[in-house]
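**Student:** Here's a structure for you.
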Amino acid sequence: MAPTLYDEKPKPGDLIEIFRGSYQHWAVYVGDGFVVHLAPPSEVPGAGNSSMMSVLYDKAVVKKEELWDVVGTNKWEINNSLDNNYIPRPAYVIVHDACNMVGLELPYCIIRGNCEHFVNELRYGKAESRQVQKAGEVVLAAGAAAVVGFGLIALGRAVFGGSKNENDNIQ
């Protein structure tokens, strides 16, 4: 398990992944116990799972709040795992840009512009969401399985003949 604030204190510019059941909420640590994150306008500090309602909004607000207020009772971890793929921007630039965005209302789209896209853009200059990529992979895998299944049915019919009604019509 990755470290939490109990084990390791986040540093300015670190990304915080908050586990909220069926999805993860993301924030960037800006120092002194505060994070900046993208949240629906109706979300109040400590909203926890209720922020799942964000999928109903097409706008979100950049907020600066205490880490513990955003985390609530959810598990969380420092997650800079894309450091393996991209060079992080300097921490002072991440913090400066994040704090300058506080209060802005931005377009929100669960697929193209969610809280994970927002923090990755701040840290790496790349708006990317692994949650969306993983969901897309699941959908593609399910679609591929369906295509294979239908293909096997069609192959079976071709090899072993048509349905019972088709065979009755031939006789």
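**Student:** Mind counting the residues in segment 74-86 that are in a helix (DSSP H, G or I), touching a helix residue (DSSP H, G or I) at 6+ places or on another chain (Cβ under 9 Å) and exposed (fewer than 14 other Cβ atoms within 10 Å of the Cβ)? Please lay out each step first, then the result.
**Tutor:** At the first step, the residues of segment 74-86 found to be in a helix (DSSP H, G or I) are 81-84.
Still in the list and also touching a helix residue (DSSP H, G or I) at 6+ places or on another chain (Cβ under 9 Å): 81-83.
Remaining after also requiring exposed (fewer than 14 other Cβ atoms within 10 Å of the Cβ): 81, 83.
Residues in segment 74-86 being in a helix (DSSP H, G or I), touching a helix residue (DSSP H, G or I) at 6+ places or on another chain (Cβ under 9 Å) and exposed (fewer than 14 other Cβ atoms within 10 Å of the Cβ): 2 in total.
**Student:** Also: Identify, from the list Val102, Val93, Val119, Val71, the residue that is over 15 Å from the mean Cα position of the chain (by Cα), crowded, with 19+ Cβ neighbours inside 10 Å and not acidic (Asp, Glu). Explain how you work it out, then say what you get.
**Tutor:** Working: Val102 fails: crowded, with 19+ Cβ neighbours inside 10 Å; Val93 fails: crowded, with 19+ Cβ neighbours inside 10 Å; Val119 fails: over 15 Å from the mean Cα position of the chain (by Cα).
Val71 is the lone residue from the list that is over 15 Å from the mean Cα position of the chain (by Cα), crowded, with 19+ Cβ neighbours inside 10 Å and not acidic (Asp, Glu).
Values in this text are rule-based calculations from the coordinates and carry no lab data. Here the structure is a predicted model, which is why all the values come from computation and not from measurement. Using ideal geometry, Cβ is built from the backbone for each residue, glycine included, and neighbour counts are taken over all protein chains shown.
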